[in-house]
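Enquirer: Dumping the structure here so I can ask a few things about it.
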Amino acid sequence: MNVSDDIEVRVVEAGEGEALMQFLLEHYYREEPLTAGCSPPEPDQADKDFLLSNIQYGTCLVVMQGGIRMVGAVVAGPKDAHESDHLAVELVEHSGTKWGRILGLLARVEQETNVCQRYGVPSAIHVHALGIDHTLRGLGLGVRLMNAVAERARALGHPLVTVDCTSLYSARLMARLGYELINTLRYDDYLDETGQQVFRPPAPHDSVKTYVLRL
């Protein structure tokens, strides 16, 4: 199937948050390993609010088919060398919630990677979520979205694009696109204070892999 002539990739506009979230609930959250890997099965409101807060930066993109149907989306936003401090504050605010547990893992990953310090750059565009319509997977829409994110990051003056891949499939995509793998955190190595594994995603997802693309 060739959908190229009917596809447009564009920046998410202000006022499109509700449509974007409805798409993500159907084509991202249901399979996202951190969401699926701990209870309750649905994402917290704070999780959804965080994703939508990135629209303001002009770094969230959608794939539209025929100008009317959303068939792909990527949520991305800027971060700098103070990201660990920011996550620490958010972690305290959301302690005891599902979003707080997710933030705890993301804070651990950020401490291990700290890409801005590692690469000596002031900022990076970080991809938080990537979803493709189930009926159109395997047609290269993820590649188009990630390439568009890189172009957008470059145009805005950010020297890096980073992704914490919680899914085996997104990790394979980043490797195929030439991203550099800089860190791996296995889910069975991420334990709570009682020594219990916090996230138990379904197979084949077994780790969070952080990838970086230098622009």
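Enquirer: Six or more apart or on different chains, Cβ atoms under 6 Å: show the pairs whose first residue is in region 22-48 and over 19 Å from L87 (Cβ atoms) and whose second is open to solvent by less than 30 Å² (accessible area, probe 1.4 Å) and acidic (D, E).
Expert: Cβ pairs passing all conditions: H27/D133.
Enquirer: Within region 184-213, can you find the residues that are in a strand (DSSP E or B), touching a residue at least 12 places away in the same chain (Cβ under 8 Å), in contact with a helix residue (DSSP H, G or I) (Cβ under 7 Å, 6 or more places away or on another chain) and open to solvent by 30 Å² or more (accessible area, probe 1.4 Å)?
Expert: K209, L213
Enquirer: Related question: As an exercise: evaluate I125 against (1) open to solvent by 30 Å² or more (accessible area, probe 1.4 Å); (2) not in a helix (DSSP H, G or I) and give the number of the one condition it does not meet.
Expert: Every listed condition holds for I125 apart from (1).
Enquirer: Quick one: count up the residues across region 24-46 that are buried (at least 21 other Cβ atoms within 10 Å of the Cβ) and of a type outside the set (S, T, Y).
Expert: Total meeting the criteria: 6.
Enquirer: Quick one: which residue in L51, L91, L103, L87 is touching a helix residue (DSSP H, G or I) at 6+ places or on another chain (Cβ under 9 Å) and open to solvent by 20 Å² or more (accessible area, probe 1.4 Å)? First the steps, then the outcome.
Expert: Working: L51 fails: open to solvent by 20 Å² or more (accessible area, probe 1.4 Å); L103 fails: open to solvent by 20 Å² or more (accessible area, probe 1.4 Å); L87 fails: open to solvent by 20 Å² or more (accessible area, probe 1.4 Å).
From the options L51, L91, L103, L87, the qualifying one is L91.
Enquirer: Also: Considering region 32-45 alone, what residues qualify as being under 22 Å from Y187 (Cβ atoms) and either assigned to a helix (DSSP H, G or I) or hydroxyl-bearing (S, T, Y) (or both)? Quick ask: steps written out before the conclusion?
Expert: So the first thing to find is which residues in region 32-45 are under 22 Å from Y187 (Cβ atoms), and the list is 32-44.
Correct list: P33, L34, T35, A36, S39.
Enquirer: How many residues does region 1-23 contain that are open to solvent by 70 Å² or more (accessible area, probe 1.4 Å) and touching a helix residue (DSSP H, G or I) at 6+ places or on another chain (Cβ under 7 Å)?
Expert: Residues flagged as open to solvent by 70 Å² or more (accessible area, probe 1.4 Å) and touching a helix residue (DSSP H, G or I) at 6+ places or on another chain (Cβ under 7 Å) within region 1-23 amount to 1.
The values are calculated or read from the model by the stated rules, or taken from the named source; none is laboratory data. This structure is a prediction, so every number in the text was calculated from the model and none was measured. Here the Cβ is made from the backbone with ideal geometry for all residues, glycine too, and neighbour counts use every protein chain on show. The protein model used for the area step is the full one, side chains on, heavy atoms only, and it has no ligands, DNA or RNA in it. Shrake-Rupley method; radii C 1.70, N 1.55, O 1.52, S 1.80 Å.
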